[in-house]
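Enquirer: Okay, handing you the structure first.
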Amino acid sequence: MKKVILLLMLVLSSLSFSAKKLYVGTNAEFMPYEYLENGKMVGFDIELMDAIGKELGYEIVWSNMGFDGLLPALQMKKIDAVIAGMSQTPERQKAVTFSMPYMLVSSDEHFVIVNENSPLVKKEELKDKKVGVQIGTIQEEFAKELGATPQLYNSWTGALMDLQNNKIDAVIIADVTGEEYLKSMSGLKKVDVVIDTQPGASIALRKGETKLAEQINQAILKLDNDGTYLQILQKYFPDKVEKYKSLKENK
């Protein structure tokens, strides 16, 4: 019996060592996409990527780093993929290969948030104002397009804390993340939205990794069809479930 148990342990051990690993980078500052809960990374992107990995036979090995360091780490082969609510801007498309957008419910609004005592009421008033954004994000481009002066932060929390203390004039942030911060941080209010016309959040891979991109696309579609995607969506974006179901019925 001991010999049988030892043999089974050796087999299981060899299987674990032979499992394919996919090293994935994220920035756990973007609730509910990815964030820390009791020291553990959780969120929509985390569970979706883990499900994609399971579908493709990969063990996902996570790296949490600054958002602006994600694509350089990918290009330097420190990681194999990035999932971090990252939009496909033209500049990024030149540098990396993207999967299909994985937010199957459109999420193209970004909140303009100001201090509750601010006189600002619309995004056009941000011209020449100091607008807080996380460094390297698409919101930095929105601020520039509106004629504002982007104030760069390593985290959204830092930007919003400065907004609470009137050190900046506004913050531009993705809608669902903005909603979460508005629930937990006092003294702030949403006054307007900026619409993103770029392709939505996608998984970034090294330039030319088209085969892996297509495999990830097929995995996303399978998870969509077998109900796994809906389960993850219900957990992190419950307010988007009805729209998701409606879009799916009308396909």
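The values are calculated or read from the model by the stated rules, or taken from the named source; none is laboratory data. Quick caveat, the model's predicted, so the values are computed rather than measured. Cβ atoms come from the backbone with ideal geometry, glycine included; neighbour counts cover every protein chain shown. Note: areas computed on protein heavy atoms with side chains; ligands, DNA, RNA excluded. Shrake-Rupley method; radii C 1.70, N 1.55, O 1.52, S 1.80 Å.
Enquirer: Can you list the HN-Hα couplings for segment 151-167, worked out from phi with the Karplus curve (6.51, -1.76, 1.60; θ = phi - 60°), rounded to whole Hz and with x for Gly and Pro?
Expert: 10, 8, 10, 6, 8, 5, 4, x, 5, 6, 5, 5, 5, 4, 9, 6, 7
Enquirer: Moving on. Less than 14 Å Cβ to Cβ from Leu188, Lys/Arg counted +1 and Asp/Glu -1: what total charge do the surrounding residues give?
Expert: Summing Lys and Arg as +1 and Asp and Glu as -1 gives -2.
Enquirer: Ignoring ligands, DNA and RNA, what percent of the accessible area of segment 117-173 is carbon or sulfur (1.4 Å)?
Expert: 45
Enquirer: Taking a 27 Å limit on the Cα-Cα distance, which of the listed pairs Lys40/Lys94; Lys40/Lys240; Lys129/Lys183; Lys20/Lys248; Lys127/Lys190 fall beyond it?
Expert: Lys40/Lys94; Lys20/Lys248
Enquirer: Also, quick follow-up: Summing Lys, Arg as +1 and Asp, Glu as -1, what charge do residues with Cβ under 14 Å from the Cβ of Arg206 carry, Arg206 excluded?
Expert: Neighbour charge sum, excluding Arg206 itself: +4.
Enquirer: Using modelled amide H (1.01 Å from N, peptide plane; none on Pro or chain starts), what sits under 5 Å from the amide H of Val61, excluding residues fewer than 5 places away?
Expert: Excluding prolines and chain starts, which carry no amide H, the hits are Leu22, Tyr23, Val24.
Enquirer: Sequence-distant or interchain residues sharing an amide H contact under 5 Å with Tyr33, placed H: which?
Expert: Phe44
Enquirer: Can you work out the Karplus-derived ³J(HN,Hα) for every residue in segment 46-60? Use 6.51 cos²θ - 1.76 cosθ + 1.60 with θ = phi - 60°, whole Hz, and x for glycine or proline.
Expert: Along segment 46-60, the couplings run 5, 5, 5, 5, 4, 5, 4, x, 4, 5, 9, x, 10, 8, 7 Hz.
Enquirer: Let me ask something else. Based on Cα positions only, what radius of gyration and what Dmax would you give for the chain, in angstroms?
Expert: When restricted to the Cα atoms of the chain, Rg and Dmax are 20.2, 78 Å.
Enquirer: Sticking with this one: Using a 1.4 angstrom probe with every protein chain in place, what is the largest-first accessible-area order of Glu124, Glu34, Glu59, Glu47?
Expert: Ranked list, largest accessible area first: Glu124, Glu59, Glu47, Glu34.
Enquirer: Determine the sum of side-chain charges near Asn154: Lys and Arg each +1, Asp and Glu each -1, restricted to other residues whose C-beta is under 14 angstrom from that of Asn154.
Expert: -4
Enquirer: Calculate how large, on average over all directions, the projected area of the Cα convex hull of segment 183-251 is; give the answer in nm² to one decimal.
Expert: Approximately 7.6 nm², given one-decimal rounding.
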